[in-house]
Amino acid sequence: MAVATLGHVELLCPDIESSLEHFTRVLGFHESTREDGSIYLRAWGDWDTYTLILTESDDRIGLGHASFKVEADEDLDEYQERIEASGYDTRWLEPGAEPGQGRALRMDYPGSHPEHEHELELVYEMEKAEVPKEQRSRLKNQPQRYNDVGVGTRRIDHLNIMVPNVNECREWIEDVLDFNLRERVVYEGEEVGTWLSVTPIVHEIAFVYHERPQLNHVAWYLKYFGELFRVVEVIKDAPTGEIYSGPSQHGVTQANFMYHVEPSGNLFELFNGGYLIFDPDWEPITWYDDEIPEALAWWGEQYEWPQSEDQRPEAAPSK
Ligand SMILES: [Fe+2]
Ligand SMILES: [Fe+2]
């Protein structure tokens with residue numbers, strides 16, 4: 001029984017039309033389907049039928065839910081028992097409640113929001129992408145032709161959530177969902193950032209400190225390091241999206257990154273690089289106090305941390 005990987009994330013978008021234009025024309029995502037106020041998208045390297053959901057909202061931005069895939073359908077029942085034993089509620093979504101998705105387990109956890117925002121989900125069954133024939137790759141191990149529309153975003157990677165109780169969230173997701181702690185940041189004795197994964201990548205999920213729970217960012221991977229510079233060229237001159245920081249390299253995770261704000265106001269990271277972990281005895285890395293600036297930006301531009309909504313540039317629907 002195990003959580004296998006991050007499957008998809010749902011962003012709340014008050015300006016869904018501008019967000020859709022941005023994700024498809026500037027970032028190069030492809031629309032798979034739409035249903036009940038949500039638009040389902042994937043990048044060219046995503047094998048699942050969708051990995052990003054844009055959901056129309058009133059004035060709220062942030063995370064609707066983040067869905068992780070488990071290794072087997074029966075894992076869902078075992079995780080439900082564990083989650084409830086840890087003192088948090090669960091609820092089932094029927095197969096098809098989201099298009100292409102089997103039965104799914106939604107849960108509260110120490111970082112969830114009373115109105116069911118920032119929810120986590122576990123799912124086993126998910127439809128694979130049906131790529132139109134003319135967009136298929138001759139490379140049999142790639143779901144779609146390499147696509148350089150706009151930024152040419154490749155595949156889903158991770159998400160980062162701001163919570164007031166980093167330590168509690170980290171311990172819960174380690175104990176209940178079997179995530180592995182990879183790196184953390186400790187300031188004046190308090191854990192203020194923590195990066196965890198279930199695969200060899202350094203993190204599929206991170207929790208960083210903020211007194212008000214909110215989404216920090218979601219992140220997609222690029223094929224080439226040099227594409228980060230292409231990202232700057234494209235977004236700087238695009239009608240939508242505002243650059244926030246980068247290209248730079250984090251010390252934590254060693255990711256080469258670029259953050260920007262999409263038209264609804266959500267922070268989106270595009271990145272390349274990072275490192276992989278294969279050792280089951282991995283000793284988590286801890287960055288302390290005066291090491292924090294280099295943990296955030298090893299080289300390149302230093303940026304405001306923890307990147308809360310009120311620190312970001314105004315999201316321009318149209319420049
Ligand atoms: Fe889902
Ligand atoms: Fe990130």
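The values are calculated or read from the model by the stated rules, or taken from the named source; none is laboratory data. This one's a predicted model, so the numbers in the text were calculated from it and none came from an experiment. Every residue, glycine among them, receives a Cβ derived from its backbone with ideal geometry; neighbour counts consider all protein chains shown. Quick note on the areas: whole protein, heavy atoms, side chains included, nothing else; ligands and nucleic acids left out. Shrake-Rupley method; radii C 1.70, N 1.55, O 1.52, S 1.80 Å.
Here's the yes/no breakdown for (1) buried (at least 16 other Cβ atoms within 10 Å of the Cβ); (2) away from ligand 1 (no atom under 16 Å from the Cβ); (3) closer than 18 Å to residue 177 by Cα; (4) of a type in the set (Gly, Ala, Ser):
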position: 67; (1), (2), (3), (4): yes, no, yes, yes
position: 89; (1), (2), (3), (4): no, yes, yes, no
position: 98; (1), (2), (3), (4): yes, no, no, no
position: 106; (1), (2), (3), (4): yes, no, yes, no
position: 112; (1), (2), (3), (4): yes, no, yes, yes
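Taking the criterion of being surrounded by fewer than 16 Cβ atoms within 10 Å (Cβ to Cβ), farther than 23 Å from residue 242 by Cβ and away from ligand 1 (no atom under 16 Å from the Cβ), would at least one residue in region 49-60 satisfy it?
No: zero hits.
All but one of (1) surrounded by 15 or more Cβ atoms within 10 Å (Cβ to Cβ); (2) touching a strand residue (DSSP E or B) at 6+ places or on another chain (Cβ under 8 Å) hold for residue 152, so report the exception by its number.
Here residue 152 meets the rest and fails (2).
Considering region 206-228 alone, what residues qualify as being of a type outside the set (A, V, I, L, M) and assigned to a loop (DSSP other than H, G, I, E, B)?
Within region 206-228, 210, 211, 212, 213, 223, 224, 225, 226 meet the criteria.
Can you give me the number of residues within region 211-238 that are without any contact (Cβ under 8 Å) to a residue 40 or more places away in the chain and not aliphatic (A, V, I, L, M)?
Result for region 211-238: 5.
Which one of the conditions (1) of a type in the set (Phe, Trp, Tyr); (2) within 16 Å of ligand 2 (Cβ to nearest atom); (3) open to solvent by 20 Å² or more (accessible area, probe 1.4 Å) does residue 282 fail to meet, given that it meets all the rest?
(2)
Looking at residue 24 and the list (1) under 16 Å from residue 221 (Cβ atoms); (2) open to solvent by less than 40 Å² (accessible area, probe 1.4 Å), which single condition is not satisfied?
(1)
In this structure, does residue 195 turn out to be at pLDDT 95 or above and either surrounded by fewer than 22 Cβ atoms within 10 Å (Cβ to Cβ) or polar (S, T, N, Q) (or both)?
no
Please count how many residues of region 37-72 are out of contact with any Lys or Arg (no Cβ under 9 Å at 6 or more places or on another chain), within 20 Å of residue 96 (Cβ to Cβ) and within 16 Å of ligand 2 (Cβ to nearest atom).
Residues in region 37-72 being out of contact with any Lys or Arg (no Cβ under 9 Å at 6 or more places or on another chain), within 20 Å of residue 96 (Cβ to Cβ) and within 16 Å of ligand 2 (Cβ to nearest atom): 1 in total.
Out of 204, 211, 262, report the one residue that is modelled with pLDDT of 95 or more, more than 16 Å from ligand 1 (Cβ to nearest atom) and either open to solvent by less than 10 Å² (accessible area, probe 1.4 Å) or closer than 25 Å to residue 12 by Cα (or both).
After ruling out the rest, the residue left standing is 262.
Restrict the check to region 30-38 and report whether at least one residue is open to solvent by 10 Å² or more (accessible area, probe 1.4 Å), away from ligand 1 (no atom under 16 Å from the Cβ) and in contact with a strand residue (DSSP E or B) (Cβ under 8 Å, 6 or more places away or on another chain).
yes
Would it be correct to say that residue 302 is under 28 Å from residue 61 (Cα atoms), open to solvent by less than 30 Å² (accessible area, probe 1.4 Å) and in a loop (DSSP other than H, G, I, E, B)?
Here the answer is no, as residue 302 does not meet what is asked.
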